[in-house]
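The values are calculated or read from the model by the stated rules, or taken from the named source; none is laboratory data. Remember, it's a predicted structure, so these values are computed and weren't measured experimentally. Positions of Cβ are generated from backbone atoms using ideal geometry, with glycine treated the same way; all protein chains shown enter the neighbour counts. Accessible surface areas use protein heavy atoms only, side chains included; no ligands, DNA or RNA. Shrake-Rupley method; radii C 1.70, N 1.55, O 1.52, S 1.80 Å.
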Amino acid sequence: MAPTYEIEQLLLSQPSVRTVAGVDEVGRGAWAGPVTVCAVVTDLSEPPAGLTDSKQVSVAKRGPLAAELAVWAAGVGFGEATHEEIDTLGMTEALRRAARRALESLPVRPDAVILDGKHDYIGAPWPVRLEVKGDGASISVAAASVLAKVRRDAYMGTIGCDEYGFAENAGYPSPVHQEALARLGPTPHHRLSWSYLDELPRWRHLKHHRDPLAGEGQASLFA
């Protein structure tokens, strides 16, 4: 089913809510590069054709759709947290910072936020409505998911390191990426606090051991 404005309209029915932003992230599971968060505010108009969760949109269609969304949306904000911030602070705090940067860059401050997922990593003072698979249910969140994906993928395609295939895998684990890591070690763009280094004896000494008081721990994502 295509996303709708049902959640937005439910929130807007509250007297205190005049503007709603949909928020989604990309890059959480990557081994290299930043995490990117997008916030989108709409005027409840009909969205561009084909809008849905970015994972359901083909690579060929994502770029043109993102270009349409950028013009159609009433407001778009982006926020990033670097791989250094992820290593130092942990993913939860990195996501919080990226999300707040995205929300604060919107042309209008939203009164409520629809956040994809089941964990509120944004926190006060933003009133957050969590929505599992929100990128498939909410038009605002779906738009944020496409815009965030296209923006981060484009950035990862500009940083070089061709042996690692970042232009194709955007820093996520892939056979090309894993082979290059084992052979060449991590690049300056890799997250060095992550558990994939535990599986690479030659490069294990480079692992960054983060102060647990700086943020929350990062679970193993090696597969």
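Taken per residue, the accessible surface of segment 1-52 reaches 44 Å², heavy atoms only and a 1.4 Å probe.
Of the peptides 152-159, 81-88, the ranking by mean beta-carbon count within 10 Å, highest at the top, reads 81-88, 152-159. Normalised by residue count, segment 46-109 yields a Cα convex hull volume of 114 Å³ per residue.
Each DSSP beta bridge with both residues in the chain is either parallel or antiparallel, and the antiparallel ones are about 60%.
A convex hull fitted to the Cα coordinates of the chain yields 117 cubic angstrom per residue. Among L130, L65, the order of accessible area from largest down is L130, L65, computed with a 1.4 Å probe on protein heavy atoms.
Taking K and R as +1 and D and E as -1, what net charge do the other residues with C-beta under 12 Å from the C-beta of G63 add up to?
+2
With every protein chain in place and a 1.4 angstrom probe, the accessible-area ranking of D120, D162, D43, largest first, reads D162, D43, D120.
Considered as an equivalent ellipsoid built on the Cα gyration tensor, segment 92-181 has semi-axes of 30, 14, 13 Å, the largest given first. Surface composition of the chain: carbon and sulfur atoms hold 55% of the protein heavy-atom accessible area at a 1.4 Å probe. A simple charge model with +1 on the Cβ of Lys and Arg, -1 on the Cβ of Asp and Glu and nothing else charged puts the dipole of the chain at about 240 debye relative to its Cα centre. Only protein heavy atoms count here; on that basis, with a 1.4 Å probe, K149 has an accessible area of about 40 Å².
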